[in-house]
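All remarks here apply to the structure that follows.
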Amino acid sequence: MLFLDEPTNGVDPVSRRDFWRILYQLLQERVTIFVSTAYLDEAERCSRVGLMHKGKLLACDTVQGLKGLMKGTLLQVRCEQARHAGTILREAHLGSVALFGDRLHVRVDDAEKGMAEIEKSLRSAGIHCLDVRVAEPSLEDVFTSVLPQEEETKEVITTDEHR
């Protein structure tokens, strides 16, 4: 059994890739590995993931199981001036908005209506929208969508038989 606490924090990308290659080799040798990380893209490599906030376990399942917890639909928006566009969309209260590099992730209740509202809001602000499409949520998207449930339920969300 191997316990790792934020093992790739501050590590360059090439070394991170090599490190994960070593971990996969250990898994083939049937070593159980526990990893704590704030890098949710790395957590997606794990067989089971627990999402924690303020010392509380919010949800625990496979990556696919956790992605099933996401409420609504995730839209990926590519446009000019992504940071400014994010501000415009937040002010329009279209849903949860997060910046991912040069793209925005907007969580909406209705995909078709959300796409139309996003394009309309950006057009009226003079921002050219290159593309709006439905996207698969990342664990980061899921984490932010699960956060409000913490105050309401105060319980761990599980989506499989391991309760």
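The values are calculated or read from the model by the stated rules, or taken from the named source; none is laboratory data. Note that this is a predicted model, so its numbers are computed, not measured. Quick reminder, even Gly has a Cβ in these numbers, built from the backbone with ideal geometry, and neighbours come from all protein chains shown.
Couple of notes before you dig in:
- Single condition residue 137 does not satisfy, out of (1) in a loop (DSSP other than H, G, I, E, B); (2) in contact with a helix residue (DSSP H, G or I) (Cβ under 7 Å, 6 or more places away or on another chain); (3) closer than 13 Å to residue 80 by Cβ: (3)
- For the stretch 88-122, taking the residues that are without any contact (Cβ under 8 Å) to a residue 12 or more places away in the chain and basic (Lys, Arg), the one that is nearest to residue 39 (Cα to Cα) is identified as 90.
- Filter pass, residue 162 being modelled with pLDDT under 90 and not in a helix (DSSP H, G or I): yes
- If you filter the stretch 15-51 down to residues that are of a type in the set (A, V, I, L, M) and under 23 Å from the mean Cα position of the chain (by Cα), you find that the one that is nearest to residue 64 (Cα to Cα) is 49.
- Qualifying residue in the stretch 120-134 (condition: buried (at least 19 other Cβ atoms within 10 Å of the Cβ) and within 20 Å of the chain's Cα centre (by Cα)): yes
- Within the stretch 90-106, tally of residues that are touching a Gly at 6+ places or on another chain (Cβ under 6 Å) and surrounded by 15 or more Cβ atoms within 10 Å (Cβ to Cβ): 3
- Check on residue 35, under 30 Å from residue 7 (Cα atoms) and in the same structural domain as residue 9 (by TED's automatic domain parsing): yes
- Residues satisfying the stated conditions in the stretch 47-71, i.e. closer than 21 Å to residue 22 by Cα and surrounded by fewer than 17 Cβ atoms within 10 Å (Cβ to Cβ): 47, 48
- Among the residues here, residue 109 qualifies as surrounded by fewer than 12 Cβ atoms within 10 Å (Cβ to Cβ) and touching a Gly at 6+ places or on another chain (Cβ under 8 Å).
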